[in-house]
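Notes for the one structure printed next.
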2 protein chains.
Amino acid sequence: MNDILIDRDELDFLLWDWLGLQDVLDRSGSEVDREAADAILAMSHKLARDSFLPLFKLTDANEPVLEAGEVRALPQIGEALREYASLGLFAAGFSEDHGGLGMPTLLSSGSLLQFFAASLAVSAYPMLTVANARLLTTFGSAAQIETFAMPQIAGEWFGTMCLSEPQAGSNLADVATRAMPDGEDGLGARYRLFGNKMWISGGDHDLAGNIVHLVLAKIPGDDGQVGADTRGISLFVVPKFLPDGARNDIVVTGLNHKLGYRGTTNCVLAIGESGSPVAGGDGALGWLVGEPGQGLPQMFQMMNEARLNVGMGAAAAGYRSYRHASIYARERLQGSPIGAVAKTSGPIIRHPDVRDMLMAAKCYGEGALALVLYCARLVDTAKHDPADDALLSLLTPVAKTWPSEWGLAANDIAIQIHGGYGYTRDFDVEQLWRDNRLNPIHEGTTGIQAQDLVGRKIRKDKAGAFDRLGDLIAATVAASVDTAMAAQGAQLGETWDRIAAAVAQLRECDAAAANENATGFLRAFGHVVVAWQWLDRALLCVDAAAEDRVRAAKPWACRYFFERELPRIGAWLGPIEGESRLLSQMNEDYL
Amino acid sequence: MNDILIDRDELDFLLWDWLGLQDVLDRSGSEVDREAADAILAMSHKLARDSFLPLFKLTDANEPVLEAGEVRALPQIGEALREYASLGLFAAGFSEDHGGLGMPTLLSSGSLLQFFAASLAVSAYPMLTVANARLLTTFGSAAQIETFAMPQIAGEWFGTMCLSEPQAGSNLADVATRAMPDGEDGLGARYRLFGNKMWISGGDHDLAGNIVHLVLAKIPGDDGQVGADTRGISLFVVPKFLPDGARNDIVVTGLNHKLGYRGTTNCVLAIGESGSPVAGGDGALGWLVGEPGQGLPQMFQMMNEARLNVGMGAAAAGYRSYRHASIYARERLQGSPIGAVAKTSGPIIRHPDVRDMLMAAKCYGEGALALVLYCARLVDTAKHDPADDALLSLLTPVAKTWPSEWGLAANDIAIQIHGGYGYTRDFDVEQLWRDNRLNPIHEGTTGIQAQDLVGRKIRKDKAGAFDRLGDLIAATVAASVDTAMAAQGAQLGETWDRIAAAVAQLRECDAAAANENATGFLRAFGHVVVAWQWLDRALLCVDAAAEDRVRAAKPWACRYFFERELPRIGAWLGPIEGESRLLSQMNEDYL
């Protein structure tokens, strides 16, 4: 059976050698030691392989259906997630107070990656549930935590995040869902909600005992009006089944039929029977989480976790397709390389074009895994170090975008390496490509990430995170001197200077000008961050024995990345360096 | 109803203004004048919209099935193709001797593009049939033409090309299908064929009265052995139904289930009952076309036509998705651009990131259309001008690859502009992306095109096609002096010098070294050719009135391409300029 997931040797190298998981465990105060961590990683690999991977194609070929107002998903998804719950994996990252193991995020991410690799669609349920419960444990009242978070931490109930509406996607200021005060009870200030939510992953299904929706809505002012900006947005916990067991007024009005990621139900939800209080509907019952008007900042905690998770999923899908291609390229016999003496057909891995594609896919897949795990470690260290928190904030748009775009490029390459076979549904690579195509869209598109990076992180960088990153990069450059990677170190130093100059320009110009070429900056910045991390890993491996496949490959991949990938930044930075306003100068009719 | 195909104003600009279709008609000796040509283009648009476009999603959702050894396709495909035949479109490009109109390829391509845009999958049947009949009219005997080509020219029978086998994809030297002599009859030297063919588009179906297979096979020598190279390959015409109406021994043993392009049946064919003459099978009856051992050169005529057609299909699919995105970006309201005074949600086309994506998709879509039509004109002029024939040969790998790769990029962008909606099957863009993904694979992968370009066209350029292209580019550069496009002209001149230097290197080094970085060269060369054509069109339009949407946009698109796309070539040429042998030096175990 095909059991290609994340190579355990690669994962161990990243976690233990490169990112110092031992140190993270020691500082975490958790009971988990190396032996326990290894057992968790082994168990995750086994469960992902035995219970999630068999659902990869099955959930793609058997989409959820809407029957009599309820969504039916494949029961096997529920079975796999009950196994996941029984091993304590929903709870793993929570504190012991909340029934968890206090496992560091770096370790839980190492576990999660195996499940993402096996099936993005099935993994989305625990991913959303854990993020939902984490938001509640952070901002919810004790009663809300007990009632709504604990069953999710146990994996008995699942969670969603309800932000988008049909008319409000990237721009949440347009949220029109309203919350009307309805007194108070043991769960806090109670509201009746009315509105429509769109693109709700896990928005309905029959896989868990209840569904806990975290809903963004606006509380009307005394004049009955809601504001048109994001400041009036509050956060509400709105369960499918109320604490007394009654069905809340949340109705699935449609299922989205997707290109991929099909095992995750994606719903249009009508909240509040009639959709309008004026028409006399009763509304859906919900309870305010935290303070009014704090909905967006609170949701951003969940959103940032979700963005990092999107990056992890994209990295896992990209990496897995690289492995499929790497194995296929050894098995498929076709032709002999030009200039070869023997003319009998050999494995296609001998053709330079195939080697070129494989090395690119490796750089994307492994580079993305490394990037997201680096950020997972920052989640752990940020708890005690504000500088790491600022660095995490700076890198989050990169951790979301780079794996989404380049993981997808790895999927595309994997199809190409498989040739016609890769274009058929008999192989896995076409579905990985389809599944992964969602990742540059959801939880903030690439364009939104670029606005976040340039507008919020670069131009308002009060904590000096960019300079901190520059120091870290300079240290890696310094460490490369007099090593086999000295040329790459010098190239990285020069490239960083170019990035820093672009940053100075982006900080000096006005907001509109900075935004105009923000996406190109995000791409260039992402490539430089990944290049730095490639060099950092390569430096760990310059003396690796030739037969140590995982480590000995690192300097070669680093050379490849610096030779063929890093030079791409010229095209992306050009418009910033040239202060181009071409996009805004252009007549809209010509587009 | 959605009727987004090729914009007729754009097509007219390309055909009449830029490529001089009037001149081509005048020299063609055909009866077709401007009025007739306009009528053909209008009729093609209408038929594509009314009969092919409704099949776009329908054929995707209802794949062909294999029942009792026969393939059943949607009957609506047959109906649409009978309409296509009734308008004489199968015959259009053939000479009057063969029942055609003698329509120039430039005009027939303008027609074909509308059908490709409407449905790549449905258009594949006439595309293959016409190419098959053209090969027979070129190399077949009078009896073969009468028996096998004429019913295809009438659109009553359909054709295939049978090259690949399960073990022989990119490398045709491995073809194992054998042809055993079986005497001679009125159709020529008769053979009995035994073997397996893979990836046969239109390999079986119930849409036409017969299926004419053109099959590559080897004739064993006196020792009963076949050679392991391409020189022993001969070409045979092997019909599904024999002239006496009997069923030939060609059995569909499997249907490939594809990522996209689903309306075109794609078959595994067993030719010859038992697969081996030794086992006593009777074999499939076929007739030799042309001389023994000439199979590959003969098939290359069909292959070159198919490669240009692949580029046309990819261009049409890429361009159509640009148009979908362009329309959607005007309709979808979401947010206001950073720095805008009004904070109410406006159309997303106002956001610079969306404009950036749209302009890239426009440059890819329109650039690809222009490139394939330019090559279509070369097909016409090459009949009388060997220099144009050599230029067509040089540009064929570009015309196949550039639209396949960048048309697909336009599809990807169109999904992104549609956001979550683009990820659903309610919109067309996801299917365009899936359909188009085949184009970088079939009729020679991108890597094979790069080998062809560098190995056959650049290094063995006896006709001086590369220098001829350089002269054409120099003329465009010269024409840009003292115009609004002078900066782009200067940039093109410098870029061409860089390409020419890379060519000098590729010609000086050995074949293996030249091949090692051939794909990067193909990408860079393709971008420069497209940049040149963008400049050439922009120069026609520098004085266009602002309200002339099609023409006034051209200089802006040209500026965009030169600012953001052309600089990409640095990353592709770098390894050639640095004489990198990284790919061959790398240990295979590290990939």
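The values are calculated or read from the model by the stated rules, or taken from the named source; none is laboratory data. The structure displayed is predicted, hence computed values, not measured ones. Neighbour counts are summed over all protein chains in view; Cβ atoms, including those assigned to glycine, are modelled from backbone coordinates with ideal geometry. Just so you know, the surface numbers come from the protein's heavy atoms only, side chains and all, with ligands and any DNA or RNA stripped out. Shrake-Rupley method; radii C 1.70, N 1.55, O 1.52, S 1.80 Å.
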Please specify each residue of the range B:562-574 satisfying the condition of being farther than 18 Å from residue B:519 by Cα and either more than 7 Å from chain A (Cβ to nearest Cβ) or in contact with a Phe, Trp or Tyr (Cβ under 7 Å, 6 or more places away or on another chain) (or both). B:562
Across (1) within 14 Å of another protein chain (Cβ to nearest Cβ); (2) not in a helix (DSSP H, G or I), residue A:455 clears everything bar (2)
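Residue B:379 - would you say it is β-branched (Val, Ile, Thr), open to solvent by less than 20 Å² (accessible area, probe 1.4 Å) and assigned to a helix (DSSP H, G or I)?
Taking the combined requirement at face value, the residue does not satisfy it.
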Against the definition (in the same structural domain as residue B:556 (by TED's automatic domain parsing), assigned to a helix (DSSP H, G or I) and either open to solvent by less than 10 Å² (accessible area, probe 1.4 Å) or not polar (S, T, N, Q) (or both)), how does residue B:463 come out, yes or no? no
Kindly evaluate residue B:503 against the criterion of being more than 24 Å from the chain's Cα centre (by Cα) and either part of a helix (DSSP H, G or I) or more than 11 Å from chain A (Cβ to nearest Cβ) (or both). yes
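Would you check if residue A:163 is more than 30 Å from residue A:221 (Cβ to Cβ), touching a helix residue (DSSP H, G or I) at 6+ places or on another chain (Cβ under 9 Å) and within 14 Å of chain B (Cβ to nearest Cβ)? Don't jump to the end; show me each part of the working.
Working: more than 30 Å from residue A:221 (Cβ to Cβ): no; touching a helix residue (DSSP H, G or I) at 6+ places or on another chain (Cβ under 9 Å): yes; within 14 Å of chain B (Cβ to nearest Cβ): yes.
So residue A:163 does not fit the description; no.
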So residue B:427 passes all but one of these: (1) open to solvent by less than 10 Å² (accessible area, probe 1.4 Å); (2) assigned to a loop (DSSP other than H, G, I, E, B); (3) not charged (D, E, K, R). Which condition number does it fail? (1)
Inside the range B:104-142, can you point out the residues that are aromatic (Phe, Trp, Tyr) and more than 12 Å from the chain's Cα centre (by Cα)? B:115, B:125, B:139
Given B:573, B:583, B:566, which one is in a helix (DSSP H, G or I) and in contact with a Lys or Arg (Cβ under 6 Å, 6 or more places away or on another chain)? B:583
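Tally up the residues in the range A:347-383 that are away from chain B (no Cβ under 14 Å) and not aliphatic (A, V, I, L, M), please.
Restricting attention to the range A:347-383, the residues satisfying the condition of being away from chain B (no Cβ under 14 Å) are A:367-383.
Filter once more, so that each one left must be not aliphatic (A, V, I, L, M): A:367, A:374-375, A:377, A:380-381, A:383.
Selection size over the range A:347-383: 7.
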Here are A:12, A:33: which of them is under 25 Å from the mean Cα position of the chain (by Cα), farther than 26 Å from residue A:430 by Cβ and free of Cβ contacts under 8 Å to residues at least 60 places away in the same chain? A:12
Quick one: residue B:413 ticks every box in (1) modelled with pLDDT under 95; (2) within 23 Å of residue B:351 (Cα to Cα); (3) not charged (D, E, K, R) bar one, so which box is it? (1)
Of the residues that sit in the range B:466-481 and are surrounded by 17 or more Cβ atoms within 10 Å (Cβ to Cβ) and of a type in the set (Val, Ile, Thr), which one is nearest to the chain's Cα centre (by Cα)? B:473
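Among the residues of the range B:575-586, which ones are within 7 Å of chain A (Cβ to nearest Cβ) and surrounded by fewer than 19 Cβ atoms within 10 Å (Cβ to Cβ)?
B:584
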Subset of the range A:516-532 that is closer than 13 Å to residue A:466 by Cα and surrounded by fewer than 24 Cβ atoms within 10 Å (Cβ to Cβ) - its residue that is farthest from the other protein chains (Cβ to nearest Cβ): A:529
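So, residue A:552, is that one facing chain B (nearest Cβ under 7 Å), aliphatic (A, V, I, L, M) and farther than 23 Å from residue B:354 by Cβ or not?
Working: facing chain B (nearest Cβ under 7 Å): yes; aliphatic (A, V, I, L, M): yes; farther than 23 Å from residue B:354 by Cβ: yes.
Considered against the rule, which asks whether it is facing chain B (nearest Cβ under 7 Å), aliphatic (A, V, I, L, M) and farther than 23 Å from residue B:354 by Cβ, residue A:552 comes out as yes.
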Qualifying position, being surrounded by fewer than 21 Cβ atoms within 10 Å (Cβ to Cβ), without any contact (Cβ under 8 Å) to a residue 40 or more places away in the chain and not assigned by TED's automatic domain parsing to the domain that holds residue A:255, among A:46, A:57: A:46
For the subset of the range B:322-355 comprising residues that are under 21 Å from residue A:521 (Cβ atoms) and touching a residue at least 24 places away in the same chain (Cβ under 8 Å), which member is farthest from the chain's Cα centre (by Cα)? B:348
Kindly provide the set of residues from the range A:325-346 that are more than 8 Å from every other protein chain (Cβ to nearest Cβ) and open to solvent by less than 20 Å² (accessible area, probe 1.4 Å), ordered by number. A:325, A:346
Would you say residue A:228 is outside any strand (DSSP E or B) and either away from chain B (no Cβ under 14 Å) or surrounded by fewer than 24 Cβ atoms within 10 Å (Cβ to Cβ) (or both)? yes
In the range B:509-517, is there at least one residue being part of a helix (DSSP H, G or I), farther than 30 Å from residue B:63 by Cβ and in contact with a His (Cβ under 9 Å, 6 or more places away or on another chain)? yes
Considering (1) within 9 Å of another protein chain (Cβ to nearest Cβ); (2) surrounded by fewer than 16 Cβ atoms within 10 Å (Cβ to Cβ), say which one residue A:484 fails and leave the rest. (1)
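For the structure I just gave you, tell me whether residue B:221 is at pLDDT below 95 and buried (at least 24 other Cβ atoms within 10 Å of the Cβ).
On the way: at pLDDT below 95: yes; buried (at least 24 other Cβ atoms within 10 Å of the Cβ): no.
For residue B:221, the condition - at pLDDT below 95 and buried (at least 24 other Cβ atoms within 10 Å of the Cβ) - is not met.
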Hits in the range B:132-176 (condition: modelled with pLDDT of 95 or more and among the β-branched types (Val, Ile, Thr)): B:137, B:138, B:145, B:147, B:153, B:160
Which of the following residues is in contact (Cβ under 8 Å) with a residue 12 or more places away in the chain, away from chain A (no Cβ under 12 Å) and of a type in the set (Val, Ile, Thr): B:398, B:429? B:398
Any idea how many residues of the range B:154-190 are touching a Leu at 6+ places or on another chain (Cβ under 6 Å) and aromatic (Phe, Trp, Tyr)? 0
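Looking at A:67, A:83, which one is more than 26 Å from residue A:145 (Cβ to Cβ) and either open to solvent by 50 Å² or more (accessible area, probe 1.4 Å) or charged (D, E, K, R) (or both)? Walk me through it before giving the result.
Numbers: A:83 fails: more than 26 Å from residue A:145 (Cβ to Cβ).
Within the list A:67, A:83, the selection yields A:67.
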